[in-house]
Amino acid sequence: MSASALGPTALLAVVLAAAPALAASAAAADPSVRSTAPVEATKANAPQVDVARKDYGLRARALAEGVWVVEGANADFTPANGCNIINTAFVSTGVGVLVINTGTSRLYGEQLRALIAQTTREPVVQVLHLNLHPDYFLGSQAFADVPRLATPVTREGMQREAKAYEDNLYRLCGDWMRGTEALLPDRDFPPADASTATPAAAGSKLPASGRFRIGTREFSFVELSGHTDSDLVLVDRASGIGFVGGLVFVDRIPTTPHAKIGPWIASLDRLAALGLKTMVPSHGPVVSGPRGIDDTRAYLQWIDREFATYARDGWEISEVLRAPVPQRFRDWAAFDTEYVRNVVHLYPLYERAALPEVGSGAR
Amino acid sequence: MRGLGASQQEREELEARRQRFERERRVTLAATGALALVFAALVRPARAAGPAEAPELAAFDGDPYRTMSWPDMRRDYLGGQRAVFDDRVRVEGPAFAVDPMTVPVTVSVDGLTDVRRVIVLVDRNPIRKVLEYEPLLATPTVSFRFKLEQASPVRAAVQTGDGLWHVGGALVDSAGGGCTVPGATRKDGSWAKTLGQVRGRVFDAPSTLFGDGGPLLASTVPAAGAAPAPRGSTPVAGLNATGARLRLHLMHPMDTGLVGGIPAFYLSRLEVRDALDRELLRLQTYEPVSENPVFSFDFRERPPGPLRVRGRDNNGNRIDATVAS
């Protein structure tokens, strides 16, 4: 019987029943755990991509016992990097592996699953997607037999955007995308048995937060927003490592196709209050301390202030694209493409706010 | 073809086909030979096609972008009149379409006087003509956003009083699909509630718009092969209190007619008059202009307000708004 044939409750019951026996030995016995590995990433962590063999060169780097990150290039989508620009992760729980995001293509998902099998003997028991963006779920075909969870808002967004993502990534990445079709998450996060401290009532603006357990591992979570309409943050309680998704960009220009600057900045303040000692962003290197939060906030505040000024002065997009950008931001990865996208996504909102209503159609 | 005795019409068709074949053969030769020469010509379009023009350029009517469509476009949209490629006509926008439904472009003219009209054409759009602008009392600078179906040259043809067309352009890359998918307000049905609403304001204009030598309007999209200027490194000039810019945001679905079951429905005309009832500018817009269009028009001097903005769409709905100046 495959895992997907079990209902979510039945599966969790199996998982929880098996937990005590397996948990004690599993992580400790795993030979690939190097608990002393440096947490901060370096250039050397970028994968060695083999374009001809379509090998992403994925490597699992242990951040703590049973916690691995699989780092992508800190860059924009290009065929040269296989369009692998995301950090995915997996966590062993004693009863199975939780996979955090499935990457950019079917091929990525397959290579990630193979990497997990090489790294730990535990089976994959669950997939979690932190937001709706394509590199968070287009690898899911390799996890079709596993429950795949996302918040209801994220699931709805994926449903809406999946076709466009497929088309756009095929165009950007070419052959790397062969055979990729969006396989959407099949159940809601949080799971039914999670203790939800702040329930996400329908239409509520309050973030949902709470805890849940898989095997011996306890996770806390909070659903924030601003980068997208639902930005899930997951924290492994044992190691204190936070998987902060798209809320935090490290040394990279943030992506903004679904961004709302005000809520995003508020979410970063909430995230800072969690005091996470290590953060795994989806884009850019793993960081210790609040640097990623501070940098992302500084950039968003700069955008907010400057774009409002440009709009008040009546600037066109072509002029905004020529306006000076502080060197510290220009040095970030993907500036040449992502900043242009930021302007085209966000400036029209400021522009509209600066143009008063002056009349309506006389039909 | 029927029988042996071809009619006059058939002979003409045959001759046209022969000429077309001859043209295409030359194109193939041009494409395969003298690659370095081709590349050099692409990097810097000639100011005007002179007698020293490379022979293979002739196959494209001197078009620095070398598209097969240019000779037809010149015939169809510029009345077959004389046209020169002129880098004083600038088309400026991002090098790639972030969103093919709304590609922002500024067309400006630096150093040409007596500009009568500006026509914007997109070679590889299913509907090529985007807009036609008569600046009248405004400067020949116009900003707008348009739908791009696939990567294409975007051209501005500027006609001066002597009848000559001056053509500039930029290449814009695109993921595609801009003209053949419905807009947001069409998808969610909200267009009917907002149709014809106008937002607008008159601003002081950046001084560099008037050919003061500032770098603000150098094209970010040079012809193919040239390296783009580093973005974010250019200082921005201050504002000039004498010039003015009118910005308008109009609510209209701008349906292209190329989406199944949704007929063409687009804003077709716009005019602006000042408080003295002088006509300041006249604009004809077509299907490729983006949903809920945004326009900027520039003036050397702030026109006496209030400004009256009037327009209509192809179904006869009217736009009427008054903007303080």
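If a residue must be surrounded by 13 or more Cβ atoms within 10 Å (Cβ to Cβ) and outside any helix (DSSP H, G or I), how many such residues does segment B:67-84 contain?
6
Of the conditions (1) in a loop (DSSP other than H, G, I, E, B); (2) more than 9 Å from every other protein chain (Cβ to nearest Cβ), A:Ala323 clears all except one; give me its number.
(2)
Looking at segment B:109-131, I want the residues that are at positive phi and have a partner that is open to solvent by 20 Å² or more (accessible area, probe 1.4 Å) with Cβ atoms under 7 Å, at least 6 apart or on another chain. Which pairs are those?
Every condition considered, the pairs that remain are B:Gly111/B:Arg88; B:Gly111/B:Gly211; B:Asp114/B:Gly161.
When residues of segment A:275-309 are filtered for being within 14 Å of another protein chain (Cβ to nearest Cβ) and of a type outside the set (A, V, I, L, M, F, W, C), how many remain?
Residues in segment A:275-309 being within 14 Å of another protein chain (Cβ to nearest Cβ) and of a type outside the set (A, V, I, L, M, F, W, C): 3 in total.
Please go through segment B:112-138 and pick out each residue that is out of contact with any Leu (no Cβ under 8 Å at 6 or more places or on another chain), part of a loop (DSSP other than H, G, I, E, B) and under 15 Å from B:Thr160 (Cβ atoms).
B:Leu112, B:Thr113, B:Asp114
Testing B:Arg273 on (1) in contact (Cβ under 8 Å) with a residue 40 or more places away in the chain; (2) more than 12 Å from every other protein chain (Cβ to nearest Cβ); (3) closer than 18 Å to B:Thr141 by Cα, one condition comes back false. Which one is that?
Only one criterion is unmet by B:Arg273, namely (1).
Does segment B:73-116 hold any residues that are of a type in the set (D, E, K, R) and in contact with a Gly (Cβ under 9 Å, 6 or more places away or on another chain), and which are they?
If the condition is that a residue be of a type in the set (D, E, K, R) and in contact with a Gly (Cβ under 9 Å, 6 or more places away or on another chain), then B:Arg74, B:Arg82, B:Asp86, B:Asp87, B:Arg88, B:Arg90, B:Asp99, B:Asp110, B:Asp114, B:Arg116 are the ones that fit.
Can you tell me which residue among A:Tyr299, A:Tyr310 is farther than 27 Å from A:Val99 by Cβ, at pLDDT below 95 and out of contact with any strand residue (DSSP E or B) (no Cβ under 7 Å at 6 or more places or on another chain)?
None of the others qualify; the one that does is A:Tyr310.
When A:Gln126 is evaluated against the numbered criteria (1) closer than 30 Å to A:Gly174 by Cβ; (2) buried (at least 24 other Cβ atoms within 10 Å of the Cβ); (3) in contact with a strand residue (DSSP E or B) (Cβ under 6 Å, 6 or more places away or on another chain), which criterion, by number, is the only one it fails?
The one condition A:Gln126 does not meet is (1).
Checking A:Ala52 against (1) more than 18 Å from the chain's Cα centre (by Cα); (2) touching a residue at least 24 places away in the same chain (Cβ under 8 Å): exactly one of these is not met. Which one?
Of (1) more than 18 Å from the chain's Cα centre (by Cα); (2) touching a residue at least 24 places away in the same chain (Cβ under 8 Å), only one is false for A:Ala52: (2).
Do we find a residue being of a type in the set (Gly, Ala, Ser), outside any strand (DSSP E or B) and open to solvent by less than 10 Å² (accessible area, probe 1.4 Å) anywhere in segment A:241-258? Walk me through how you get there before you give the answer.
Pass one, segment A:241-258, residues of a type in the set (Gly, Ala, Ser): A:242, A:245-246.
Within this subset, residues satisfying the condition of being outside any strand (DSSP E or B) are none.
Within segment A:241-258, not a single residue is of a type in the set (Gly, Ala, Ser), outside any strand (DSSP E or B) and open to solvent by less than 10 Å² (accessible area, probe 1.4 Å).
Conditions first: (1) over 30 Å from B:Arg201 (Cβ atoms); (2) charged (D, E, K, R); (3) within 11 Å of another protein chain (Cβ to nearest Cβ). A:Arg312 passes all but one, so which condition is the exception?
The failed condition is (1).
Within segment B:314-325, restricting attention to residues that are part of a strand (DSSP E or B) and within 24 Å of B:Phe265 (Cβ to Cβ), which residue is most open to solvent (accessible area, probe 1.4 Å)?
That would be B:Arg318.
Find the strands (runs of 3 or more DSSP E) located wholly in segment B:139-199 whose residues include 2 or more that are within 11 Å of another protein chain (Cβ to nearest Cβ) and surrounded by 23 or more Cβ atoms within 10 Å (Cβ to Cβ), and list them.
It comes to B:142-146.
Please work out if A:Trp264 is more than 21 Å from B:Asp99 (Cα to Cα), modelled with pLDDT of 95 or more, within 13 Å of chain B (Cβ to nearest Cβ) and surrounded by 14 or more Cβ atoms within 10 Å (Cβ to Cβ).
No; evaluated as a whole, the condition is false for this residue.
Per-residue answers, yes or no, for (1) on the phi > 0 side of the Ramachandran plot; (2) part of a helix (DSSP H, G or I); (3) basic (Lys, Arg); (4) surrounded by 20 or more Cβ atoms within 10 Å (Cβ to Cβ):
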{"site": "A:Pro281", "(1), (2), (3), (4)": "no, no, no, yes"}
{"site": "A:Pro285", "(1), (2), (3), (4)": "no, no, no, yes"}
{"site": "A:Arg305", "(1), (2), (3), (4)": "no, yes, yes, no"}
{"site": "A:Ala308", "(1), (2), (3), (4)": "no, yes, no, no"}
{"site": "A:Ala311", "(1), (2), (3), (4)": "no, yes, no, yes"}
{"site": "A:Tyr339", "(1), (2), (3), (4)": "no, yes, no, yes"}
{"site": "A:His345", "(1), (2), (3), (4)": "no, yes, no, no"}
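Within segment B:100-111, work out how many residues are open to solvent by less than 10 Å² (accessible area, probe 1.4 Å) and in a loop (DSSP other than H, G, I, E, B).
Selection size over segment B:100-111: 0.
With the requirement that a residue be more than 8 Å from chain B (Cβ to nearest Cβ) and touching a strand residue (DSSP E or B) at 6+ places or on another chain (Cβ under 8 Å), what does segment A:326-363 give you?
A:Trp332, A:Ala333, A:Ala334, A:Glu338, listed by residue number.
Given the residues A:Asp145, A:Asp231, which is the only one that is surrounded by 18 or more Cβ atoms within 10 Å (Cβ to Cβ), touching a helix residue (DSSP H, G or I) at 6+ places or on another chain (Cβ under 8 Å) and not β-branched (Val, Ile, Thr)?
The conditions single out A:Asp231.
From the residues in segment B:85-99 that are open to solvent by less than 20 Å² (accessible area, probe 1.4 Å) and more than 18 Å from B:Ser143 (Cβ to Cβ), which one is farthest from the other protein chains (Cβ to nearest Cβ)? Even if it seems obvious, please write down each step before you answer.
Applying the first criterion (open to solvent by less than 20 Å² (accessible area, probe 1.4 Å)) to segment B:85-99 yields B:85-86, B:89, B:91-94, B:97.
This time we only want the ones that are more than 18 Å from B:Ser143 (Cβ to Cβ), so: B:85-86.
Details: B:Phe85: 21, B:Asp86: 19 Å.
The qualifying residue farthest from the other protein chains (Cβ to nearest Cβ) is B:Phe85.
The values are calculated or read from the model by the stated rules, or taken from the named source; none is laboratory data. Small disclaimer: the values here were computed from a predicted structure and weren't measured. Every residue, glycine as well, gets a Cβ built from its backbone with ideal geometry; the counts of neighbours run over all protein chains shown. These accessible areas exclude ligands, DNA and RNA; they are computed on the full protein's heavy atoms, side chains included. Shrake-Rupley method; radii C 1.70, N 1.55, O 1.52, S 1.80 Å.
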